[in-house]
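Have a look at the structure below before the remarks.
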């Protein structure tokens, strides 16, 4: 479990690319925010994959990226069986690699990287001494 600290919105009003957040006292830049889907692959563990959050609707013909167990590998969705609500989520099934995969849970994934941190303590004193007491 991680403790979230500060959150800085990029002024679009939603959690999205370009936002900043602090987790466990480390500042992170969000590179991607979007839906994730958990499913059981035949004979294998649960797999988390996501697609471009702006896509919406029918995912057929879209590439999804696997989050676990093989991070970064892509699959092409060849069909979608909707549970009747018109939204990709739990209770639906998608087909890729020639097999149908029921979605058991939908969530949010945020891919981020550490960003620049505040100037280290004591830096201002070093700058002042460099200029020889001008300040």
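Do we have residue 107 as under 21 Å from the mean Cα position of the chain (by Cα) and either at pLDDT below 75 or surrounded by 10 or more Cβ atoms within 10 Å (Cβ to Cβ) (or both) here? The answer is yes for residue 107. Please work out if residue 91 is on the phi > 0 side of the Ramachandran plot and either part of a strand (DSSP E or B) or exposed (fewer than 12 other Cβ atoms within 10 Å of the Cβ) (or both). Answer is no for this residue. Just the residues that are modelled with pLDDT of 85 or more and under 20 Å from residue 63 (Cβ atoms), please, taken from segment 1-37. Selection gives 37 alone. When segment 13-34 is limited to residues that are within 10 Å of the chain's Cα centre (by Cα) and in a strand (DSSP E or B), the one that is surrounded by the fewest Cβ atoms within 10 Å (Cβ to Cβ) turns out to be 31.
In segment 70-87, which residue that is touching a strand residue (DSSP E or B) at 6+ places or on another chain (Cβ under 7 Å) and in a loop (DSSP other than H, G, I, E, B) is nearest to residue 110 (Cα to Cα)?
Among those residues, the one meeting the criterion is 72.
Taking the condition at pLDDT 80 or above and either over 29 Å from residue 13 (Cα atoms) or under 17 Å from the mean Cα position of the chain (by Cα) (or both), does residue 120 pass?
Here the answer is no, as residue 120 does not meet what is asked.
The values are calculated or read from the model by the stated rules, or taken from the named source; none is laboratory data. Note that the structure is a prediction, hence the values are computed from the model and not measured. Every residue, glycine among them, receives a Cβ derived from its backbone with ideal geometry; neighbour counts consider all protein chains shown.
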